[in-house]
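All remarks here apply to the structure that follows.
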Amino acid sequence: MSNHLAIAAVTATIQRLLTDGLSPDVPDISVTARPPDRARQNQGQSQLNLFLFQLLPDPALRNMDLSPRVKPGETVQPPVALGLRYLLTAYAANDDELSAHKVLGRALQVLNDRTVLDPAVIRNALAGNDLHQQVEHVRLSVDLVSLDDLHKLWATFQTQYRLSAALQVSAVLIESRRAVRAPLPVLERKLVVAQGTVPPYPRLEAAVPPARQPSIRLGDVLTLTGHDLSSPGAAVRVRFTHPRWTAPEELAAASSSRQQVTVAIPGGPLGWPAGVYGVSVVVARPGEPVPQVSNELTLSLAPRITSLTATRVGKAPNFIPAVTVVFTPQAWVEQPVLLILGDRGIPEPARAARVGTITFPLPGVASGTYSVRLRVDGEDSILVDHSGPVPVLDPLQRVTLP
């Protein structure tokens, strides 16, 4: 962290680097820090002018607590985190432009070799500064300034434009002088559990598919966990919503307790499309006129491949390989379907009805054995079997192309 001299220390450090770096090649070089309209001092001398034209807040560091004075549990005003933008302009003796270009090129070479400012150089550049002690390194790079911005900048000073380079310096942290708030240490920790602090309303915390699957499938039993999901004599139902449904669907819970509810997903192929669902619990308690509804969680219903058959399509002798996939639930007309053969995605042929069987032509696909996934409305069939001690690829989702 640095004191109020940080900005001046950066300017002085760059001046020192340029002076030391260019003196062997340009003995008479003068490095100044003046506004462009008052920069040129001696027409017979080579000169570099370093003008600080903008201060920018550093978005990554402006709210971070980097002060070495602060320990965990203490608070302090965050530092001022800044990026500095400079305009570096070169002048040669007798205003020779070619020589000025040489001076500018040598200056950029010197600075490019010192993209991280040396703390020792920073310390010696300006008396009283402590920028060299901050945790973050001070970095320097060539910046980009548009022609429009350059025009505005030089027009502001009503002086003729000179070829210049823009420099970016980051990050400079100026520490606050406000006192640190340091609370007294805790002598004893006590944990007090108060009864009745959890609202007595049903709340879902997790929706857990069976066998560590990432998604549910038709015919699966879904487990919902939370609190106040049931009570003696209550009728518990599970409500599902889907973007392609016009109304929610409710299923009676297979089992219910205060912390857990299970529900069986129907196995039919039509009514439940693959995709993302919302799920909540509806608890109708005796004597209450209106059922209580929990919060809604999201879960996905994945398609299940029931059959894979390698075949051929087309006319002899120009047959091409194909794969016929039988799956549930049926894909609705609005749902895009993609076959993923190994690592290659094959879009479905055009169709105009709900289907549970699709034949995918595979032009250009070589013979071999491939793992297969079916993606319906963005949801993939479950290729990895998590039911055992070690995850394995489902052998039923493999096909061999002759």
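Quick check on the range 345-361. Is at least one of its residues open to solvent by 80 Å² or more (accessible area, probe 1.4 Å), under 15 Å from Pro273 (Cβ atoms) and in a loop (DSSP other than H, G, I, E, B)? Don't jump to the end; show me each part of the working.
Restricting attention to the range 345-361, the residues satisfying the condition of being open to solvent by 80 Å² or more (accessible area, probe 1.4 Å) are 347, 350, 352, 354.
Okay, now just the ones that are also under 15 Å from Pro273 (Cβ atoms), so 354.
Applying the additional criterion that residues be in a loop (DSSP other than H, G, I, E, B) yields 354.
Yes: the range 345-361 contains one or more residues that are open to solvent by 80 Å² or more (accessible area, probe 1.4 Å), under 15 Å from Pro273 (Cβ atoms) and in a loop (DSSP other than H, G, I, E, B).
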Self-check item: Filtered residue count, the range 307-337, keeping only those that are under 37 Å from the mean Cα position of the chain (by Cα) and either part of a strand (DSSP E or B) or among the hydroxyl-bearing types (Ser, Thr, Tyr) (or both)
Solution: 7
Quiz item: Within the range 245-262, can you find the residues that are closer than 13 Å to Val283 by Cβ, open to solvent by less than 40 Å² (accessible area, probe 1.4 Å) and assigned to a strand (DSSP E or B)?
Solution: Val261
Exercise. Could you please find all residues in the range 18-37 being open to solvent by 20 Å² or more (accessible area, probe 1.4 Å) and not in a loop (DSSP other than H, G, I, E, B)?
Key: Thr19, Asp20, Ser30, Val31, Asp37
Self-check item: Only listed residue being among the hydrophobic types (A, V, I, L, M, F, W, C), out of contact with any helix residue (DSSP H, G or I) (no Cβ under 9 Å at 6 or more places or on another chain) and open to solvent by less than 70 Å² (accessible area, probe 1.4 Å), chosen from Val337, Val333
Solution: Val337
Quiz item: Does the range 383-393 include one or more residues that are open to solvent by less than 60 Å² (accessible area, probe 1.4 Å), closer than 22 Å to Ala211 by Cα and among the hydroxyl-bearing types (Ser, Thr, Tyr)?
Solution: no
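May I ask you to say which residue of Ala93, Ala81, Ala127 is touching a residue at least 24 places away in the same chain (Cβ under 8 Å) and over 36 Å from the mean Cα position of the chain (by Cα)? Lay out the reasoning, then the answer.
On the way: Ala81 fails: over 36 Å from the mean Cα position of the chain (by Cα); Ala127 fails: touching a residue at least 24 places away in the same chain (Cβ under 8 Å).
Matching residue, one of Ala93, Ala81, Ala127: Ala93.
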Quiz prompt | Boolean, Gln41 is without any contact (Cβ under 8 Å) to a residue 12 or more places away in the chain, surrounded by 12 or more Cβ atoms within 10 Å (Cβ to Cβ) and assigned to a loop (DSSP other than H, G, I, E, B) | solution = yes
Quiz item: Any chance the range 54-68 includes a residue that's under 15 Å from Ala8 (Cα atoms), modelled with pLDDT of 80 or more and of a type in the set (A, V, I, L, M)?
Solution: yes
Practice problem: Among the residues of the range 312-324, count how many are surrounded by 13 or more Cβ atoms within 10 Å (Cβ to Cβ) and more than 14 Å from Ile346 (Cβ to Cβ). | Solution: 1
Quiz item: Which of the residues belonging to the range 99-117 are surrounded by 15 or more Cβ atoms within 10 Å (Cβ to Cβ) and either free of Cβ contacts under 8 Å to residues at least 40 places away in the same chain or polar (S, T, N, Q) (or both)?
Solution: Ser99, Lys102
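The values are calculated or read from the model by the stated rules, or taken from the named source; none is laboratory data. As the structure is a computational prediction, the values presented were derived from the model and not from experiment. Glycine also receives a Cβ, built like all others from the backbone with ideal geometry; neighbour counts cover every protein chain displayed. Surface accessibility is based on the protein's heavy atoms, side chains included, excluding ligands, DNA and RNA. Shrake-Rupley method; radii C 1.70, N 1.55, O 1.52, S 1.80 Å.
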